[in-house]
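Structure first, then comments.
The values are calculated or read from the model by the stated rules, or taken from the named source; none is laboratory data. Keep in mind that what you see is a predicted model, and the values were worked out from it rather than measured. Note that we place each Cβ from the backbone using ideal geometry, even for glycine, and neighbour counts take in every protein chain shown. Only protein heavy atoms, including side chains, enter the accessible area calculation; ligands, DNA and RNA are left aside. Shrake-Rupley method; radii C 1.70, N 1.55, O 1.52, S 1.80 Å.
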Amino acid sequence: MKVKKSGGAGAGAAAAAAARTEEELGRKALIGPDDVLGLQRVTSDYLCTPEENVYKIDFTRFKIRDMESGTVLFEITKPAASEREHNDKKDIDPNAGRFVRYQFTPAFLRLRQVGATVEFTVGDKPINNFRMIERHYFRDQLLKSFDFEFGFCIPSSKNTCEHIYEFPQLSEDLIREMILHPYETQSDSFYFVDNKLVMHNKADYSYSGGP
């Protein structure tokens, strides 16, 4: 399957969702899209466990490119599952693979449109209504909330999808602060199947051009 979709909502678009705190969601048996849309800041912990990914969704490749120039800005590929299984499991962090640290140059903050290609496999269950909500913050300020649909995934399939991110125009003052304070820009990526949270990944970002 290869699909190309665009989506996203500004900070104001999330206002329709009732405000929620991480502590409130931690007490819920089932977390849905409206719950995370109500979050006012990045989470301090994961809202679900790796075991809740009962569909065995595994993201194996990720690429970011500037849509205007076609320049590849970031690309990473995970080792094949057979290779990962040879690792000593007792030494593996249960949250390994759920966090990414990005290092970009200041020019990234002035891009208008970025394409993110993801390649992923699924287990032996069909997946309906596969949805991602990704929320980006600088400190406690919501910069942008993106909302993407992956479509239907057949069992035991390998899938590729490119999502188009339309970036908001940032003020010069905010850009300067984001450059001066690396890794204070953070994001939560929430993945839902049939409106139930099954995966939660986190990331932070530096725009200073170096580690």
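For the stretch 129-151, residues that are in contact (Cβ under 8 Å) with a residue 60 or more places away in the chain, in contact with a strand residue (DSSP E or B) (Cβ under 6 Å, 6 or more places away or on another chain) and not acidic (Asp, Glu) total 13.
Give the residue that is nearest to THR105 (Cα to Cα), with candidates limited to residues of the stretch 191-202 that are in a strand (DSSP E or B) and open to solvent by 10 Å² or more (accessible area, probe 1.4 Å). Selected residue: LYS202.
Look through THR77, THR71 and report the one residue that is of a type in the set (Ser, Thr, Tyr) and either modelled with pLDDT of 95 or more or open to solvent by less than 40 Å² (accessible area, probe 1.4 Å) (or both). The conditions single out THR71. Taken over the stretch 53-68, the criterion of being in a strand (DSSP E or B), open to solvent by 40 Å² or more (accessible area, probe 1.4 Å) and over 14 Å from THR160 (Cα atoms) is satisfied by ARG65 alone.
Scanning the stretch 116-133 for residues that are over 13 Å from the mean Cα position of the chain (by Cα) and either at pLDDT 95 or above or hydroxyl-bearing (Ser, Thr, Tyr) (or both) returns GLU119, PHE120, THR121, VAL122, GLY123, ASP124, LYS125, PRO126, ILE127, PHE130.
Each residue in the stretch 96-114 was checked for being surrounded by 15 or more Cβ atoms within 10 Å (Cβ to Cβ) and charged (D, E, K, R), and 1 pass. Quick one: in the stretch 148-190, of everything that is small (Gly, Ala, Ser) and modelled with pLDDT of 95 or more, which residue is most open to solvent (accessible area, probe 1.4 Å)? Per the stated criteria, the residue is SER156.
Scan the stretch 115-147 for residues that are farther than 17 Å from ASN53 by Cα and either surrounded by fewer than 17 Cβ atoms within 10 Å (Cβ to Cβ) or of a type outside the set (A, V, I, L, M) (or both) and the total you get is 14.
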